[in-house]
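Before any comments, here is the structure.
The values are calculated or read from the model by the stated rules, or taken from the named source; none is laboratory data. Since the structure is predicted, the reported quantities are computational estimates derived from the model, not experimental observations. Using ideal geometry, Cβ is built from the backbone for each residue, glycine included, and neighbour counts are taken over all protein chains shown. Keep in mind that these areas ignore ligands, DNA and RNA; they rest on the heavy atoms of the full protein, side chains included. Shrake-Rupley method; radii C 1.70, N 1.55, O 1.52, S 1.80 Å.
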Amino acid sequence: MIRSSVLKPLCGLAISKPWSRFRIPRIISSPCLKATYTTKISPKLTTETYPSVKRDSKFKHLSSEDITFFQSILSQQELLLASDQDNLEFYNEDWMRKYKGQSSLVLRPKTVKKVSQILKYCNDNHIAVVPQGGNTGLVGGSVPVFDEVILSLNYLNQIRDFDPVSGILKCDAGVILENADQFLAEHGYIFPLDLGAKGSCHVGGVVATNAGGLRLLRYGSLHGSVLGLEVVLPNGAIVSSMHALRKDNTGYDLKQLFIGSEGTIGVITGVSILTPPRPNAFNVSFLALENFQAVQNVFVKAKKDLAEVLSAFEFMDSYSQDLTRKHLENINHPFEEEHPFYVLIETSGSNKEHDDAKLEAFLESVIEEGLVVDGVVAQDETEFRNLWQWRELIPESAQANGGVYKYDISLPLKDLYSLVEAANQRLEQLGILGDVPKPVIRAIGYGHVGDGNLHLNVAVREYSKQVEEALEPFIYEFISSKKGSISAEHGLGFQKKNYIGFTKTEPEIRLIKDLKHHYDPNGILNPYKYV
């Protein structure tokens, strides 16, 4: 049952500081934590791991004349050249250290005009370009495959305008998500998207990948909240709908093409987004359940009983918590006993007494109905943070022992966890799952129940072709058989380019390719990826 020592007094949960203070940062500063998001293993070049992928001969190799041009429009701070002392690993390697490019040039323009000049020159000279935000992507979409020029949006990082009446925020694409949220907190608003990597990822990057995150259940997707975009096309043309209002039905809604396009048809340089008022009362409960059917039943009941205050409903399996326990070492888990499944529920609203009463009635109900076997409720800021970390530190924990194969997929809710079971069964049958020296530690599952989004993470001791071939295309075939999507929120990037057909039909793929060719006829933007 819900622990009375924690639940009582439920109405004593008074938190008055801004929301952004309670989210777990990308790397928690604690002596108990032993690793950052990267693995200890140095990644191989992508071209070594995937030798069948060949550099397109139509792309020009950089010359001294090209460097001279870029130096003529950029300051010394805005241009980074590889050297014996610095091979630009920070920009060439992805977050998981699974992919590594060979770019020798990083351009970091401070103005949209300079972005335009760069793209026009590259397009005229057939120089391949990789747009890069915070480089927190998980499918190899933000790093080069070969020697593409890296166009970093790091220095486009200003808040342009905010309307405290409508809640419309306009900002540069390079504004860090957490900084945008903190700015909004000062005005009583909240960014309608929350990610574990909020301390590093960029606003433009999350729009370019159509990231979903932890708040989608409450605030919906970016396709609904983004009002306008400023985009630089491959030919250097600047297209802006930054002044669009909530209701604008004049012509095609062109911004939708760029949301989720992963920098393949244009570079997002500005974002106009509708932000909601910031809640001033919220609670978190962490529940233990015996099976995935109970997870579904609790979710249905939470939608009905918590309704307008329900802001997050996250599920985790026991395997994900086992890895996180080992990674956090000396930090106590909310439960002494292990359970097959766990659910984290967050509520947020404007009336604390009202929200507390709804949550307490809900918790009493799920206990009485036998849907939940144990649970805790945060009483203060520390407990709020501690409960969230058992969900937000799963990705870091999953790759702490060498690496992780990540599959961000969506399935009908009834089938959501069946993929985890199928993956573990396959890996066991192939004899590659188990203790050292077997390469696979375990396939784990967690994610956003509210939008049918499963994060299947296969924790490994090292990346290998043997493991990858065991997982792909098996996982994509399974998803296709259930009428799901191979990419729920992380995008396609390099990892899933060849598997788009498991979700999209041939006519859809032809339309995507036609759009790519129309906007980027020379194919210079983010080549070797997406489609």
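Among (1) among the small types (Gly, Ala, Ser); (2) open to solvent by 10 Å² or more (accessible area, probe 1.4 Å); (3) over 25 Å from Thr49 (Cα atoms), which single condition is Gly447 missing?
(2)
Just one of the numbered conditions (1) farther than 30 Å from Val232 by Cα; (2) open to solvent by less than 60 Å² (accessible area, probe 1.4 Å); (3) modelled with pLDDT of 95 or more is not true of Gly452; which one?
(3)
What tally of residues in segment 333-351 results from selecting those that are among the acidic types (Asp, Glu) and touching a Ser or Thr at 6+ places or on another chain (Cβ under 9 Å)?
So the answer is 2.
Anything in segment 159-171 that is open to solvent by 10 Å² or more (accessible area, probe 1.4 Å) and under 20 Å from Gly212 (Cα atoms)? List them, or say none.
Across segment 159-171, the qualifying residues are Ile168, Lys170.
Just give me the residues in segment 463-474 being within 30 Å of Asp194 (Cα to Cα) and at pLDDT below 95, in sequence order.
Passing the criteria: only Tyr463.
Can you tell me which residue within segment 232-265, out of those that are surrounded by fewer than 21 Cβ atoms within 10 Å (Cβ to Cβ) and acidic (Asp, Glu), is nearest to His490 (Cα to Cα)?
Only one residue tops the list, namely Asp253.
Among the residues of segment 322-339, which ones are in contact with a strand residue (DSSP E or B) (Cβ under 7 Å, 6 or more places away or on another chain) and either assigned to a loop (DSSP other than H, G, I, E, B) or open to solvent by less than 10 Å² (accessible area, probe 1.4 Å) (or both)? Don't jump to the end; show me each part of the working.
Start the filter on segment 322-339 by keeping residues that are in contact with a strand residue (DSSP E or B) (Cβ under 7 Å, 6 or more places away or on another chain), which leaves 323, 334-335, 339.
Answer for segment 322-339, where residues must be in contact with a strand residue (DSSP E or B) (Cβ under 7 Å, 6 or more places away or on another chain) and either assigned to a loop (DSSP other than H, G, I, E, B) or open to solvent by less than 10 Å² (accessible area, probe 1.4 Å) (or both): Pro334, Phe335, His339.
Need the failing condition index for Pro109 against (1) in contact with a Pro (Cβ under 8 Å, 6 or more places away or on another chain); (2) more than 28 Å from Gly403 (Cβ to Cβ), just the number.
Result: Pro109 fails condition (1) only.
Which residue is surrounded by the most Cβ atoms within 10 Å (Cβ to Cβ), if the candidates are limited to segment 114-127 and must be more than 29 Å from the chain's Cα centre (by Cα) and among the charged types (D, E, K, R)?
Here the residue is Lys120.
Given the structure, is Ile475 over 23 Å from Ala400 (Cβ atoms), open to solvent by less than 20 Å² (accessible area, probe 1.4 Å) and among the hydrophobic types (A, V, I, L, M, F, W, C)? Please lay out each step first, then the result.
Details: over 23 Å from Ala400 (Cβ atoms): no; open to solvent by less than 20 Å² (accessible area, probe 1.4 Å): yes; among the hydrophobic types (A, V, I, L, M, F, W, C): yes.
Criteria not met by Ile475.
Name the residues in segment 92-107 that are out of contact with any strand residue (DSSP E or B) (no Cβ under 8 Å at 6 or more places or on another chain) and surrounded by fewer than 21 Cβ atoms within 10 Å (Cβ to Cβ), would you? Even if it seems obvious, please write down each step before you answer.
Looking only at segment 92-107, we keep the residues that are out of contact with any strand residue (DSSP E or B) (no Cβ under 8 Å at 6 or more places or on another chain), and these are 95, 102.
Within segment 92-107, Gln102 is the sole residue that qualifies.
Quick one: is Val373 open to solvent by 20 Å² or more (accessible area, probe 1.4 Å), modelled with pLDDT of 95 or more and β-branched (Val, Ile, Thr)? Can you show your working first?
Numbers: open to solvent by 20 Å² or more (accessible area, probe 1.4 Å): yes; modelled with pLDDT of 95 or more: yes; β-branched (Val, Ile, Thr): yes.
When the stated conditions are applied, Val373 passes them.
Within the bounds of segment 300-313, is there any residue that is at positive phi, part of a helix (DSSP H, G or I) and either out of contact with any strand residue (DSSP E or B) (no Cβ under 9 Å at 6 or more places or on another chain) or surrounded by fewer than 14 Cβ atoms within 10 Å (Cβ to Cβ) (or both)? Let's see the steps before the verdict.
Taking segment 300-313 as the starting set, the residues that turn out to be at positive phi are 307.
Okay, now just the ones that are also part of a helix (DSSP H, G or I), so 307.
If we keep only those that are either out of contact with any strand residue (DSSP E or B) (no Cβ under 9 Å at 6 or more places or on another chain) or surrounded by fewer than 14 Cβ atoms within 10 Å (Cβ to Cβ) (or both) as well, we get 307.
Checked segment 300-313: at least one residue is at positive phi, part of a helix (DSSP H, G or I) and either out of contact with any strand residue (DSSP E or B) (no Cβ under 9 Å at 6 or more places or on another chain) or surrounded by fewer than 14 Cβ atoms within 10 Å (Cβ to Cβ) (or both).
Read through the list (1) open to solvent by less than 50 Å² (accessible area, probe 1.4 Å); (2) modelled with pLDDT of 95 or more; (3) assigned to a loop (DSSP other than H, G, I, E, B), then give the number of the only condition that Lys110 fails.
(1)
Tell me the residue from Glu489, Glu472 that is in contact with a Gly (Cβ under 7 Å, 6 or more places away or on another chain) and among the charged types (D, E, K, R), please. Explain how you work it out, then say what you get.
On the way: Glu472 fails: in contact with a Gly (Cβ under 7 Å, 6 or more places away or on another chain).
Only one candidate qualifies: Glu489.
Please enumerate the residues belonging to segment 340-370 that are open to solvent by 10 Å² or more (accessible area, probe 1.4 Å) and part of a helix (DSSP H, G or I).
Those that are open to solvent by 10 Å² or more (accessible area, probe 1.4 Å) and part of a helix (DSSP H, G or I): Lys352, Glu353, His354, Ala357, Lys358, Glu360, Ala361, Glu364, Ser365, Ile367, Glu368.
Scan segment 274-298 for residues that are touching a Leu at 6+ places or on another chain (Cβ under 8 Å) and surrounded by fewer than 21 Cβ atoms within 10 Å (Cβ to Cβ) and jot them down.
Residues satisfying the conditions are Leu274, Arg278, Gln296, Asn297.
Matching residues to (1) in contact with a helix residue (DSSP H, G or I) (Cβ under 9 Å, 6 or more places away or on another chain); (2) more than 30 Å from Ala398 (Cα to Cα):
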site	(1), (2)
Gln76	no, yes
Leu79	yes, yes
Asp84	no, yes
Arg97	no, no
Gln102	yes, no
Leu105	yes, yes
Arg108	yes, yes
Val115	no, yes
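Identify, from the list Leu229, Leu214, the residue that is open to solvent by less than 10 Å² (accessible area, probe 1.4 Å), of a type outside the set (Val, Ile, Thr) and not assigned by TED's automatic domain parsing to the domain that holds Leu359. Before the answer, list the steps.
Working: Leu214 fails: open to solvent by less than 10 Å² (accessible area, probe 1.4 Å).
Exactly one residue qualifies, and that residue is Leu229.
Within segment 382-392, is even one residue open to solvent by less than 10 Å² (accessible area, probe 1.4 Å) and among the β-branched types (Val, Ile, Thr)?
The answer is no; no qualifying residue exists.
Restricting to segment 179-204, give me the number of residues that are under 24 Å from Leu257 (Cα atoms) and open to solvent by 30 Å² or more (accessible area, probe 1.4 Å).
So the count comes out to 1.
Return the residues of segment 187-211 that are touching a strand residue (DSSP E or B) at 6+ places or on another chain (Cβ under 9 Å), small (Gly, Ala, Ser) and over 23 Å from Ser166 (Cβ atoms); say none if nothing qualifies.
Matches in segment 187-211: Gly199, Ser200, Gly205, Ala208.
Would you check if there is a residue in segment 286-307 being modelled with pLDDT of 95 or more and closer than 14 Å to Gln389 by Cα? Break it down into steps so the answer makes sense when it comes.
Residues of segment 286-307 modelled with pLDDT of 95 or more: 286-306.
Going one step further and asking which of them are closer than 14 Å to Gln389 by Cα, we end up with 286.
For segment 286-307, residues modelled with pLDDT of 95 or more and closer than 14 Å to Gln389 by Cα: present.
Among what's in segment 482-509 and is of a type outside the set (A, V, I, L, M) and within 17 Å of Phe258 (Cα to Cα), pick the residue that is farthest from the chain's Cα centre (by Cα). Break it down stepwise before answering.
The initial filter retains those residues of segment 482-509 that are of a type outside the set (A, V, I, L, M), namely 482-485, 487, 489-491, 493-499, 501-508.
This time we only want the ones that are within 17 Å of Phe258 (Cα to Cα), so: 487, 489-491, 493, 508.
On the way: Ser487: 11, Glu489: 7, His490: 6, Gly491: 9, Gly493: 13, Glu508: 25 Å.
Ranking the candidates gives Glu508 first.
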